[in-house]
Amino acid sequence: MLDAWLDLVLGSRCSACAAPGRALCHRCAAGLPRHAVPSWPTPTPPGLVPPWSAGEYADPLRPLIVDHKDHGRLALARPLGRLLAVAVAAASGVGRCPGNVGTVHLVPVPSHAAVVRRRGQDPLLRVTHAAAAALRRTGVDASVRPLLRVVARPGDQAGLDAAERAANVAGRFRARPYVAERYRQERTGGPGPVVVLVDDVITTGVTLREAQRALGEAGVVPVAAATVAATRRRNTR
C-alpha cells in the first residue's frame, strides 16, 4: 500500500530498478551486498591504507549514490549507510574479529562548504552518520568524527590520470586544530580508538591518501579506508 501511495501522490520510483514506490524497493534492498572486499586502485597511491568497499560503482550502487548525492533523495541515506557500515566493519576488523575491536571512529572525507551549500546537504556526512548508527545496532561502539576541513578547493577531476589527480588534491585537507591534542588524550592509558577514513566512492585513491596525510600530520593514524563503492579502473594513462 505504501508503494502505491508513493507512486500515486509523489510519482516516486526505486532508484535501482525504477519500480513505482519507495526510493529503494524491497527486492533491490534485499539484493544489496552484504560483504565488503578490498578495493585497491591501480595504480595505488604510495602508502595508502587498505581500502575496502561494499561493491562496484555500477548498478545497483551507482544510481543510489548519484540519486542521493546529486538529486537529494535523502531516503537513500540509510541503505547507503548500511553498505558503508559493511565496509567499515571489514576495514576496522569488526567483521573478522567480533568483540576484539574497541571504539571505532569514522572520519568522512570533507566536501567544500560551497558544494555543501549548493546541494543543501552534506551527502557523505549524512551517510556516515547512518553507517555509525547501523554499526551501533550490532553492538559496535561507533561514532562520526569530522576531523578534517577543506583548505583548498581542487579543480575538476574529470579526465585526469592518477598522477594529475594527486597533484590536483595536494594540500586540500587539514586536520581541525583540536584534533592532535584530543587524540593524544584518548590514547593515554590505552591503544585509543580505531580510526577509519570513509568516502562514498574510491576511484584512484588519491583523495583518500590526501585525507590520510592530513590526519597523519595531526598524529591520527587511520587503520584503513572504507567506501560504499569502488570504480573499476579499466585503463590508466
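Read-outs throughout are calculated quantities, based only on the coordinates presented, and are distinct from any laboratory measurement. Just so it is clear, the model here is predicted, and its values are computed rather than measured. Cβ atoms come from the backbone with ideal geometry, glycine included; neighbour counts cover every protein chain shown.
In sequence order, the range 192-206 has phi-based couplings of x, x, 7, 9, 10, 6, 10, 8, 7, 9, 10, 10, 9, x, 6 Hz under the Karplus curve 6.51 cos²θ - 1.76 cosθ + 1.60, θ = phi - 60°, and Gly or Pro positions carry x.
When the chain is fully extended, how far beyond the present Cα-Cα distance does Arg149 get from Ala30, taking 0.36 nm per residue of separation? Don't jump to the answer; show the numbers that get you there.
Details: separation 119, 0.36 × 119 = 42.84 nm, distance 3.56 nm.
So the chain would gain 39.3 nm between Arg149 and Ala30.
Derived scalar couplings between HN and Hα for the range 48-55 equal 5, 5, x, x, 10, 9, 7, x Hz in order, rounded to whole Hz, by the Karplus curve 6.51 cos²θ - 1.76 cosθ + 1.60 (θ = phi - 60°), x for Gly and Pro.
With 10 angstrom as the radius, rank Trp40, Trp52 by how many other C-beta atoms surround their C-beta, starting from the fewest. Spell out each step's value before the answer.
On the way: Trp40 14, Trp52 25.
The fewest-first ordering by Cβ neighbours comes to Trp40, Trp52.
Between amide H atoms placed 1.01 Å from N, distances below 5 Å from Trp52 occur with Ser39, Ala225, Ala226, Thr227, all of them 5 or more places distant or on a separate chain. Once backbone amide H atoms are built at 1.01 Å from N, Phe173 has Val151 as its partners under 5 Å, excluding neighbours fewer than 5 places away on the same chain.
Applying the Karplus parametrisation 6.51 cos²θ - 1.76 cosθ + 1.60 with θ = phi - 60° to the phi angles of the range 171-178, what ³J(HN,Hα) value in whole Hz is obtained for each residue in order, glycine and proline being reported as x? In residue order, the calculated couplings are x, 6, 10, 8, 5, 5, x, 7 Hz. Ordering of 205-218, 26-39 by packing is 205-218, 26-39, highest average first (other Cβ atoms within 10 Å, averaged per residue).
The modelled label-to-label distance between Ala133 and Asp59, using points 7 Å beyond Cα along the C-beta direction, is 3.0 nm.
Scanning residues 5 or more positions from Val195 or on other chains, those with amide H under 5 Å from its amide H are His105, Val223, with H placed 1.01 Å from N in the peptide plane.
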